[in-house]
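One structure is given below, encoded as structure tokens.
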Amino acid sequence: MSRKMYDKFDLDKIDLSKEPSQEEPERQYYFMAKCRKWVREFERKNGHRPCFFTQTFGCQMNARDSEKLEGILSIIGFAKADSEEAADLVLYNTCTVREHANLKVYGRLGYLKTIKKKNPHMLIALCGCMMQEETVVEKIKKSYRFVDLVFGTHNLYKFAELLYNRISSGKITIDIWQDTDKIVEELPADRKYFFKSGVNIMFGCNNFCSYCIVPYVRGRERSREPEQIISEIRRLVESGVSEIMLLGQNVNSYGKTLKNPITFAELLLEVEKIEGLKRIRFMTSHPKDLSDELIQVMKSSKKICHQLHLPMQSGSSRILKEMNRKYTKESYLALVHKIREAIPDISLTTDIIVGFPGETEEDFAETLDVVRKVRFDSAFTFLYSKRTGTPAATMDNQVPEQIVKERFDRLLKEVQEIASEQIQRFEGQTLEVLAEEKNEQLDGYLTGRLSHGIVVHFAGGEDLIGKIIPVKLTQARGFYYYGIQPIED
Ligand code: SAH
Ligand code: SF4
Ligand code: F3S
């Protein structure tokens, strides 16, 4: 676990007798210093530092947000706990993209209630996308009164201030913003891996796909300044990172809202120049905005990984129109063809929704047809979930659950068969693998990833973790490889 503290903010030098600054991030460092004072007092009284436990639901964006929240807690002086039971502060960073994600959080909250009965001093904080929904916050206020702190996606940077407010007032603190155009830079972040990191390049989404709640809970699309992105990546590389994942709901529309607009492809060219950086990934690419310029940059790059996540959602042009995706079956297939022409070994992955309102057997057959034609390396398949507030939720031709499940099973079978065939195409080759972690099941083995995103298990010592090494792919096993390190002579 590594920590990045910005040199200009030494918490112990902040004068707490003064009023906090109105500027960000100065104001937040002031509150981190206030919280640190509280932590020291806690330690003096209890003989140990307070511990936190975080649980992250949802996507890579949320995972990166949690690293920021944990970075703040570490600087304040909290230690990490292994479980909710051992924690003085439990923080759930929630997701609401499908109903199932919400249900999981309510389930965990029920469990937390019993723990809090035993540890009444335990603080419970909830944040993330689910909290941006009014009905959720109402339910928490009514039925989950043991929750201490609630905040949303737009004011996440204020975590230290809100936590201090809760600690000093002793009262439940709820702060949710409807939207924001603000991006606060230079806050700390704790990384889960020392050798790879997510980097936000934009926030929010303006696409309003008719099934999707993300634009409502993450707000309007806004891009970070390229200089800020580049300097963050430089700092990450200096601290040992060799792979980055550029994050946004639709990275292909990066830069459009900047004062000096630049394209995503232009940003990639700048990122490529960063010395010491070895691998560049990004997600998510919306097919409607994927430019020829981007394909050319990917083709000529030495660092951009040969993997592209290109969510298709449905293979039926009629359903795609209802989904407001702004491409057709034919244009999606043409795009895939163009990408494969330029980068023949590219690994293509996708997201598919089954059972969107009005989906007929014919529409579903179109989805299966695209799956068979493209032959994805892997695909995430989802049962359509009705999200209140989205246009699709009020469409009156919702597909009966039984039919959706049956289609889902057929799709899954197809997708898995193709994926296990696709993966075999590298068998016997020696390719570079970034060793990521110790294999928990196999003693003496490591688990890493190819540029193509494919998982490889191979025998190796822990000293290799974080390094990129050649591995011979000896055996394809469904979704992953077994490999060996070639013997040098
Ligand atoms: N910005 C990304 C997707 C983010 S959400 C993109 O446009 O591709 C991740 C995935 O969740 C989506 O690609 C979609 O397949 C799925 N999803 C979103 N809303 C859903 C819903 N209401 N029901 C089922 N799946 C959904
Ligand atoms: Fe949702 Fe569409 Fe935005 Fe992706 S592009 S986050 S699916 S609205
Ligand atoms: Fe979920 Fe929010 Fe991501 S709703 S998928 S955590 S943007």
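One line per residue, one yes/no per condition, for (1) open to solvent by 70 Å² or more (accessible area, probe 1.4 Å); (2) among the hydrophobic types (A, V, I, L, M, F, W, C); (3) in contact with a Gly (Cβ under 6 Å, 6 or more places away or on another chain); (4) farther than 28 Å from Lys142 by Cα:
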position	(1), (2), (3), (4)
Glu24	no, no, no, yes
Arg27	no, no, no, yes
Cys35	no, yes, no, yes
Asn46	yes, no, no, yes
Cys51	no, yes, no, no
Ser83	no, no, no, no
Asp88	no, no, no, no
Arg98	yes, no, no, no
Asn119	no, no, no, no
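Restrict the check to the stretch 388-400 and report whether at least one residue is exposed (fewer than 15 other Cβ atoms within 10 Å of the Cβ), within 14 Å of ligand 1 (Cβ to nearest atom) and not in a helix (DSSP H, G or I).
Yes, the stretch 388-400 contains at least one residue that is exposed (fewer than 15 other Cβ atoms within 10 Å of the Cβ), within 14 Å of ligand 1 (Cβ to nearest atom) and not in a helix (DSSP H, G or I).
If you scan the stretch 82-106, which residues turn out to be away from ligand 2 (no atom under 16 Å from the Cβ), under 22 Å from the mean Cα position of the chain (by Cα) and of a type outside the set (S, T, N, Q)?
Matches in the stretch 82-106: Asp82, Val90, Leu91, Tyr92, His100, Leu103, Lys104, Val105, Tyr106.
Mind checking whether some residue in the stretch 120-133 is outside any helix (DSSP H, G or I) and over 25 Å from Arg36 (Cα atoms)?
Within the stretch 120-133, one or more residues are outside any helix (DSSP H, G or I) and over 25 Å from Arg36 (Cα atoms).
Which condition number in (1) open to solvent by 70 Å² or more (accessible area, probe 1.4 Å); (2) of a type outside the set (Asp, Glu); (3) under 24 Å from the mean Cα position of the chain (by Cα) is the one that Gln55 fails?
(1)
If you check Ile75, Ile140, which single one turns out to be assigned to a helix (DSSP H, G or I), within 20 Å of Asn200 (Cβ to Cβ) and open to solvent by less than 10 Å² (accessible area, probe 1.4 Å)?
Ile75
Does Leu112 count as of a type in the set (A, V, I, L, M, F, W, C), open to solvent by less than 20 Å² (accessible area, probe 1.4 Å) and touching a Pro at 6+ places or on another chain (Cβ under 8 Å)?
no
Select, from Ile174, Ile201, the only residue that is within 16 Å of ligand 1 (Cβ to nearest atom), in contact (Cβ under 8 Å) with a residue 24 or more places away in the chain and closer than 30 Å to Glu134 by Cβ. Lay out the reasoning, then the answer.
Numbers: Ile174 fails: within 16 Å of ligand 1 (Cβ to nearest atom).
Ile201 is the lone residue from the list that is within 16 Å of ligand 1 (Cβ to nearest atom), in contact (Cβ under 8 Å) with a residue 24 or more places away in the chain and closer than 30 Å to Glu134 by Cβ.
Would you be able to tell me the number of residues in the stretch 218-268 that are among the small types (Gly, Ala, Ser) and under 19 Å from Met298 (Cα atoms)?
Matching residues across the stretch 218-268 total 5.
Tell me which residues, restricted to the stretch 198-218, are open to solvent by 10 Å² or more (accessible area, probe 1.4 Å) and either near ligand 2 (Cβ under 8 Å from one of its atoms) or of a type in the set (S, T, N, Q) (or both).
If the condition is that a residue be open to solvent by 10 Å² or more (accessible area, probe 1.4 Å) and either near ligand 2 (Cβ under 8 Å from one of its atoms) or of a type in the set (S, T, N, Q) (or both), then Cys205, Asn206, Asn207, Phe208, Cys209, Tyr211, Cys212, Val214, Arg218 are the ones that fit.
Just to be sure, is Ser168 surrounded by fewer than 18 Cβ atoms within 10 Å (Cβ to Cβ) and at pLDDT 95 or above?
Values: surrounded by fewer than 18 Cβ atoms within 10 Å (Cβ to Cβ): yes; at pLDDT 95 or above: yes.
For Ser168, the condition - surrounded by fewer than 18 Cβ atoms within 10 Å (Cβ to Cβ) and at pLDDT 95 or above - is met.
Yes/no matrix, rows are residues, columns are (1) within 20 Å of Pro344 (Cβ to Cβ); (2) within 16 Å of ligand 3 (Cβ to nearest atom); (3) under 28 Å from the mean Cα position of the chain (by Cα):
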| residue | (1), (2), (3) |
| --- | --- |
| Lys386 | no, yes, yes |
| Met395 | no, no, no |
| Pro400 | no, no, no |
| Thr430 | yes, no, no |
| Leu434 | no, no, yes |
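For the stretch 49-59, what are the residues that are touching a Ser or Thr at 6+ places or on another chain (Cβ under 9 Å) and either in a loop (DSSP other than H, G, I, E, B) or more than 22 Å from Leu123 (Cβ to Cβ) (or both)?
Hits for the stretch 49-59 are Phe57, Gly58, Cys59.
The values are calculated or read from the model by the stated rules, or taken from the named source; none is laboratory data. No experiment lies behind these values; they were computed from the predicted model shown. Glycine gets a Cβ as well: all are built from the backbone with ideal geometry, and neighbour counts include every protein chain shown. What goes into the accessible areas is simple: the full protein's heavy atoms, side chains included, and nothing from ligands, DNA or RNA. Shrake-Rupley method; radii C 1.70, N 1.55, O 1.52, S 1.80 Å.
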